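Colleague: One structure, as structure tokens, below. Some questions next.
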Amino acid sequence: MHESLILNVMEKLLYGDIQILEILRSQYRDSKIINVECSNVGFFVNFEVDSNKIDVDGIATDFNIGDLYGTVDGIQGAVGFILFVIDGKLSMLEGYTNGIDVWPDDEDIYLIYDSGFDRNIEVLEKQWKIK
């Protein structure tokens with residue numbers, strides 16, 4: 001379930017020409033989906049990753065990427081997505097409703113970054129820095 005949507009969401013969440021996202025894309029290519037849990041308000045996808053951990057100076061090993069949402073029937077942010085990175089590896093993707101009561105048909109979701117059509121990588125990098 002949600003196979004095509006998961007592929008599209010992961011492509012967008014891992015998009016960008018920076019080292020961290022390159023490492024995560026490599027992990028994703030080598031990962032296995034170990035389970036998908038669905039409800040009427042969203043889903044969780046758990047990954048198993050054997051690839052190298054993120055090892056970039058000054059970057060936290062536990063962080064999330066959540067700058068992608070879906071517009072549904074003109075409602076911006078009707079659904080959202082968060083990718084969790086734990087101990088330097090892809091861990092889980094969450095899709096959730098936000099402003100609507102029931103998860104829509106996947107083909108009705110238009111994906112967009114919270115910064116618009118162009119992704120704001122600088123904001124993400126600031127969030128990932130070790131404080």
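The values are calculated or read from the model by the stated rules, or taken from the named source; none is laboratory data. For clarity, every value in this text was computed on a predicted model and none was experimentally measured. Counting neighbours? That spans all protein chains shown, and the Cβs are built from the backbone with ideal geometry, glycine included. In case anyone asks, the SASA skips ligands and DNA or RNA and just uses the protein heavy atoms, side chains included. Shrake-Rupley method; radii C 1.70, N 1.55, O 1.52, S 1.80 Å.
Colleague: Which of the residues belonging to the range 108-129 are open to solvent by 40 Å² or more (accessible area, probe 1.4 Å) and touching a residue at least 24 places away in the same chain (Cβ under 8 Å)?
Modeller: To start, the set of residues in the range 108-129 that are open to solvent by 40 Å² or more (accessible area, probe 1.4 Å) comprises 108, 110, 114-115, 117-118, 120, 122-123, 125-127, 129.
Those that are open to solvent by 40 Å² or more (accessible area, probe 1.4 Å) and touching a residue at least 24 places away in the same chain (Cβ under 8 Å): 108, 110, 114, 115, 120, 123, 125, 127, 129.
Colleague: On to the next question. When residues of the range 59-88 are filtered for being open to solvent by 20 Å² or more (accessible area, probe 1.4 Å) and touching a Lys or Arg at 6+ places or on another chain (Cβ under 6 Å), how many remain?
Modeller: Qualifying residue count for the region: 0.
Colleague: Just to be sure before I move on: is residue 42 free of Cβ contacts under 8 Å to residues at least 60 places away in the same chain, buried (at least 17 other Cβ atoms within 10 Å of the Cβ) and touching a Ser or Thr at 6+ places or on another chain (Cβ under 8 Å) in the structure I sent? Give the steps one after another, and end with the answer.
Modeller: Working: free of Cβ contacts under 8 Å to residues at least 60 places away in the same chain: no; buried (at least 17 other Cβ atoms within 10 Å of the Cβ): yes; touching a Ser or Thr at 6+ places or on another chain (Cβ under 8 Å): yes.
Taking the combined requirement at face value, the residue does not satisfy it.
Colleague: Can residue 14 be described as open to solvent by less than 40 Å² (accessible area, probe 1.4 Å) and either under 11 Å from the mean Cα position of the chain (by Cα) or of a type in the set (D, E, K, R) (or both)?
Modeller: Numbers: open to solvent by less than 40 Å² (accessible area, probe 1.4 Å): yes; either under 11 Å from the mean Cα position of the chain (by Cα) or of a type in the set (D, E, K, R) (or both): yes.
Yes; evaluated as a whole, the condition is true for this residue.
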